[in-house]
Amino acid sequence: MIGGSKMLKKRWGILITMLLISLFLIGGSFQALAKTSDDDDEKEQLEEVSGLWWDDDGEANWDEIEGKYQYEVSLYRDGSRVITVKTKSEKYKFYSKMTKEGEYSFRVRALAKSSSRDYTNGPWSEFSDSFDVDDDYADAVRNKKTSSKDDDDDDSSDSKPTGNTGWQEDQTGWWWLRSNGSYPKNEWMTINDKRYYFNSDGYMVTGWVEIDGKNYFFDGSGAYQPDGGNGQPSATGEWKHDNAGWWWKESNGSNPVNRWEYINNKWYFFDSTGYMKTGWISWNNLWYYCDASGAMVTDNYVEGSHWVDSSGVCRDR
């Protein structure tokens, strides 16, 4: 009996110990939950985004929200959501998504960083005013996926699209969108007091181009150079060399790609990877020849029998 009594006391001691441990753990959990709840209560919700507006190119804009990590933006057409994106900027270019006629609007909300100790996500804003897209513009977007052309001139106000018109770019090159939705083909145009030519596909040409039996030279920006480019200043920069070959580093850090460059009074051609080419080069359906140094040959025979004229074009190849 004495042994049984000791055993019973031992069991009760174990049970009491386990009960105390359980209560301690449960209390800690409640405390942790309470702390988490208190932390959430202490966080401030980001403000509702305001100041929503469209610019003439279909770019959505809104006011900055202090404390945000990024924004979530939804585009709608006639009340139905088209796409939702995230951005850290206070603007987003939606026009490439406007492929159907309709009234487009957007709304935004500010998002907090997931690890933020100060903020939670803000509410969705009201809808913006509508941006009306007609058939002509929607068709142009579908065919070209429009985007504004960066101007190389100091005065860029006239060279960027006014409304939905002006310079546009896609994977093939630059083209010009008129206010009626059409674009020039096989046609000269004067833009900002400079002359440009657009080929049969409607794209701006560069380099030497034969038009109606005559040769014309257009610089890297597409502007026509009446003197064949020989009167223009040489590019400023320096030659660079690596395992793949020679390339030209412009003074602004960029490098010419898939175009001619006038360097130290000579013409050089750089391929799609940016490296200088030598030998025969086909450009705008005309043949040119660059010697071992990369310089374009003019007024001379190439390979003994092929004559290249003063513009560098070979007529018998």
Next on the checklist: Which pairs turn up if I take residues in segment 240-256 that are in contact (Cβ under 8 Å) with a residue 40 or more places away in the chain and part of a strand (DSSP E or B) and look for partners that are surrounded by 13 or more Cβ atoms within 10 Å (Cβ to Cβ) and not β-branched (Val, Ile, Thr) with beta carbon separation below 7 Å, at least 6 apart in sequence or on another chain?
Outcome noted: Trp246/Trp239; Trp246/Tyr275; Trp246/Met276; Trp246/Gly294
Checklist entry - Taking segment 215-251 on its own, how many of its residues are modelled with pLDDT under 80 and farther than 19 Å from Trp174 by Cβ? => result 11
Next on the checklist: Among the residues of segment 182-228, what is the count of those that are closer than 18 Å to Trp267 by Cα, in a loop (DSSP other than H, G, I, E, B) and in contact with a strand residue (DSSP E or B) (Cβ under 7 Å, 6 or more places away or on another chain)?
Outcome noted: 7
Item to check | Leading residue by the ranking (nearest to Trp248 (Cα to Cα)) among those in segment 288-317 that are assigned to a strand (DSSP E or B) and aliphatic (A, V, I, L, M) | outcome: Ala295
Next on the checklist: Name the single residue that is surrounded by the most Cβ atoms within 10 Å (Cβ to Cβ) among those in segment 200-228 being of a type in the set (S, T, N, Q) and touching a residue at least 24 places away in the same chain (Cβ under 8 Å).
Outcome noted: Thr206
Checklist entry - Does any residue of segment 167-176 turn out to be at negative phi and modelled with pLDDT of 85 or more? => result yes
Next on the checklist: Scan segment 98-108 and tell me whether some residue there is under 19 Å from Trp53 (Cβ atoms), in contact with a strand residue (DSSP E or B) (Cβ under 7 Å, 6 or more places away or on another chain) and at pLDDT below 90.
Outcome noted: yes
Checklist entry - Yes or no: Ser272 touching a residue at least 40 places away in the same chain (Cβ under 8 Å), in a loop (DSSP other than H, G, I, E, B) and either out of contact with any strand residue (DSSP E or B) (no Cβ under 9 Å at 6 or more places or on another chain) or under 20 Å from Trp188 (Cβ atoms) (or both)? => result no
Checklist entry - Between residues in segment 63-91 that are closer than 17 Å to Gly122 by Cβ and among the β-branched types (Val, Ile, Thr) and residues that are part of a loop (DSSP other than H, G, I, E, B) and at pLDDT 90 or above, which pairs lie under 8 Å by C-beta distance while being six or more apart or on different chains? => result Ile65/Leu46; Ile65/Glu47; Ile65/Val49; Ile65/Gly122
Checklist entry - Quick check: anything in segment 309-317 free of Cβ contacts under 8 Å to residues at least 60 places away in the same chain and on the phi > 0 side of the Ramachandran plot? => result no
Checklist outcome for this item: Conditions (1) within 22 Å of the chain's Cα centre (by Cα); (2) of a type outside the set (Val, Ile, Thr); (3) surrounded by fewer than 19 Cβ atoms within 10 Å (Cβ to Cβ) -> Glu126 fails only (1)
Checklist entry - What are the residues in segment 69-80 that are surrounded by fewer than 16 Cβ atoms within 10 Å (Cβ to Cβ) and not in a strand (DSSP E or B), if any? => result Asp78, Gly79
Next on the checklist: Within segment 97-111, take every residue that is outside any strand (DSSP E or B) and either under 23 Å from the mean Cα position of the chain (by Cα) or β-branched (Val, Ile, Thr) (or both) and give me the one that is farthest from Ala138 (Cα to Cα).
Outcome noted: Lys97
Checklist entry - So which residues in segment 112-122 are surrounded by 12 or more Cβ atoms within 10 Å (Cβ to Cβ), within 29 Å of the chain's Cα centre (by Cα) and of a type outside the set (A, V, I, L, M), if there are any at all? => result Lys113, Asn121, Gly122
Checklist entry - Only one residue in Ile83, Ile26, Ile2 is surrounded by 10 or more Cβ atoms within 10 Å (Cβ to Cβ), of a type in the set (Val, Ile, Thr) and at pLDDT below 75, so which one is that? => result Ile26
Checklist entry - In segment 275-287, what residues are modelled with pLDDT under 90 and either in a strand (DSSP E or B) or surrounded by 12 or more Cβ atoms within 10 Å (Cβ to Cβ) (or both)? => result Ser282, Trp283, Asn284, Leu286, Trp287
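The values are calculated or read from the model by the stated rules, or taken from the named source; none is laboratory data. Everything quoted here is computed from the prediction, not taken from an experiment. Positions of Cβ are generated from backbone atoms using ideal geometry, with glycine treated the same way; all protein chains shown enter the neighbour counts.
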